[in-house]
1. What are the residues whose amide H is under 5 Å from the amide H of VAL65, where those residues sit 5 or more places off or on another chain and H is modelled from the backbone?
2. Considering Cα pairs under 8 angstrom that are at least six residues apart, work out the relative contact order of the chain and quote it in whole percent.
3. Among residues other than MET42 whose Cβ falls under 10 Å from its Cβ, what is the net charge (Lys/Arg +1, Asp/Glu -1)?
4. Place +1 on the Cβ of every Lys and Arg and -1 on the Cβ of every Asp and Glu in the chain, take the dipole about the Cα centre, and give the residue among TYR76, ILE47, SER6 whose Cα lies farthest towards its positive end.
5. For the pair VAL105/GLU123, report the inter-label distance in nm, with labels modelled 7 Å from Cα in the Cβ direction.
6. Using the Karplus curve 6.51 cos²θ - 1.76 cosθ + 1.60 with θ = phi - 60°, work out ³J(HN,Hα) for each residue of the range 42-58 in order, rounded to whole Hz, and write x for Gly and Pro.
7. In sequence order, what are the phi-derived ³J(HN,Hα) couplings for the range 17-24 according to the Karplus relation 6.51 cos²θ - 1.76 cosθ + 1.60 with θ = phi - 60°, rounded to whole Hz, with x for glycine and proline?
8. Please compute the net charge surrounding LYS9, taking Lys and Arg as +1 and Asp and Glu as -1 over other residues with Cβ under 13 Å from its Cβ.
Amino acid sequence: MSVPLSQTKRALIELLRRVPYFSGFTDAELRSLIDQGYRQVMAPKQIICQEDDLGDSFYIVLSGVVEVISARTGMYIATLQEGDFFGEIALLTGTPRTATVRTVVDTKLFVLDREHLQNLLLEHPDLAEQIAETLSERQHMLISLGVIKEEELVNSQETYLSLVRQHLNTVFGL
Ligand code: CMP
């Protein structure tokens, strides 16, 4: 029997449906996703995560705009908007936050913690590969900008493979 959704959940499902990464998700998959995370509403010019801090959250921009900057060098790195994600590097590679991310305008985020992000990636290998690819491109951009050093780079393919291994372990007891 299906349980009626609250208006907030329904609105959140509609916002997540607009995120290209989740466009192929069924209603049930989106419901399960929103049960694992929460929505965060932020005013302009608020810091969401700070360079060098230990990170525990992964963020998807539902609406609004955020800016990625290198606090150490004062360098502008990127602007992210509706449908983009961030915070994956610290979560998936275990390094501290590589940059500071702050809101530019009123912004709505969907937030997942490490465990729930890992569950999501294990259940959706295509999504895991897309995130691993973006992670790797971002790391290379950070290296070319001199924000991180090549020695600090943790291979995203390794990160992904270790997730798959963990999954096989759980499912097949390998
Ligand atoms: P993390 O290091 O966890 O926290 C800061 C985040 O900024 C980082 O994850 C990425 O999600 C994001 N980020 C870092 N470099 C770039 C980049 N070159 N382009 C877009 N986003 C980036």
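The values are calculated or read from the model by the stated rules, or taken from the named source; none is laboratory data. These figures come from a predicted structure and were not determined experimentally. Positions of Cβ are generated from backbone atoms using ideal geometry, with glycine treated the same way; all protein chains shown enter the neighbour counts. These accessible areas exclude ligands, DNA and RNA; they are computed on the full protein's heavy atoms, side chains included. Shrake-Rupley method; radii C 1.70, N 1.55, O 1.52, S 1.80 Å.
1. Sorted by chain and number, the residues that satisfy this are VAL104, VAL105.
2. About 23 percent, as a whole number.
3. Details: positive: LYS45, ARG102, LYS108; negative: ASP106.
It works out to a net charge of +2.
4. Comparing the listed Cα positions along the dipole, SER6 ranks first.
5. 3.2 nm
6. So the Karplus estimates, Gly and Pro as x, are 10, 7, x, 6, 9, 7, 8, 9, 10, 3, 6, 6, 7, x, 10, 10, 10 Hz.
7. Rounded to whole hertz, the list is 5, 7, 7, x, 4, 10, 5, x.
8. Once positives and negatives cancel, what remains is +1.
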